Amino acid sequence: MLKSIHHAAIICSDYVRSKYFYTQILGLKVIAENYRAARDSWKLDLQLPDGSQVELFSFPDAPARPSYPEAQGLRHLAFAVDSVVTCKNALEAQGVEVEPVRVDEYTGSRFTFFSDPDGLPLELYEI
């Protein structure tokens, strides 16, 4: 029935800042960018190399996401990478705070977390 995850949708508080973060720092490719006047909202479609996508939205006065302590709902968005350490170093070189690298006790894979400009937890997971 289900084949894959097509996209994850994110609502940001500062569209310009988040667009820069996802395109210039994380390197996602812009597929389409549309301003929806009826909603006073931007919708930015971004693509990863494997074809999966992130939709970035702006909405006026959207409430903040409860995160710490963790609330029910989507916990985080994880990106598959070849080397967690290489990606961690690249993010830190651009001023992004990244947690120490950990090892998944069940799979043995390395992973770490960082946050987008709105504090959304993002994960790098080594495959």
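The values are calculated or read from the model by the stated rules, or taken from the named source; none is laboratory data. Treat the numbers as computed from the prediction; the structure is a model and nothing was measured. Positions of Cβ are generated from backbone atoms using ideal geometry, with glycine treated the same way; all protein chains shown enter the neighbour counts.
Any residue that is among the charged types (D, E, K, R) and modelled with pLDDT of 95 or more - is there at least one of those in the range 64-76? Working first, answer last.
Here is the first cut: in the range 64-76, the residues among the charged types (D, E, K, R) are 65, 70, 75.
With the extra rule that they be modelled with pLDDT of 95 or more, the set shrinks to none.
The answer is no, given that none of the residues of the range 64-76 is among the charged types (D, E, K, R) and modelled with pLDDT of 95 or more.
Taking the stated definitions as given, is residue 9 touching a residue at least 40 places away in the same chain (Cβ under 8 Å) and not assigned by TED's automatic domain parsing to the domain that holds residue 115?
Working: touching a residue at least 40 places away in the same chain (Cβ under 8 Å): yes; not assigned by TED's automatic domain parsing to the domain that holds residue 115: yes.
The answer is yes for residue 9.
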Legend entry - Residues (surrounded by 15 or more Cβ atoms within 10 Å (Cβ to Cβ), within 26 Å of residue 86 (Cβ to Cβ) and not basic (Lys, Arg)) located in the range 9-23: 10, 18, 21, 22, 23
Inset, instruction - From the list 100, 49, 121, 66, pick out the single residue that is more than 14 Å from residue 9 (Cβ to Cβ) and assigned by TED's automatic domain parsing to the domain that holds residue 24. - result: 49
Inset, instruction - Test residue 125 against the stated conditions and say whether it is among the aromatic types (Phe, Trp, Tyr) and surrounded by 14 or more Cβ atoms within 10 Å (Cβ to Cβ). - result: yes
Inset, instruction - Read through the list (1) closer than 18 Å to residue 115 by Cα; (2) touching a residue at least 40 places away in the same chain (Cβ under 8 Å); (3) more than 11 Å from the chain's Cα centre (by Cα), then give the number of the only condition that residue 63 fails. - result: (2)
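For (1) farther than 23 Å from residue 5 by Cα; (2) touching a strand residue (DSSP E or B) at 6+ places or on another chain (Cβ under 8 Å), each residue gets a yes or a no:
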residue	(1), (2)
24	yes, no
69	yes, no
80	no, yes
88	yes, yes
107	no, no
Legend entry - Leading residue by the ranking (farthest from residue 98 (Cα to Cα)) among those in the range 24-46 that are surrounded by fewer than 16 Cβ atoms within 10 Å (Cβ to Cβ) and polar (S, T, N, Q): 34
Inset, instruction - Name the one entry in 49, 69, 100 that is free of Cβ contacts under 8 Å to residues at least 40 places away in the same chain, under 19 Å from residue 19 (Cα atoms) and loosely packed, with under 13 Cβ neighbours inside 10 Å. - result: 49
Inset, instruction - Can you tell me which residue among 3, 43, 29, 19 is farther than 26 Å from residue 66 by Cβ and at pLDDT 95 or above? - result: 29
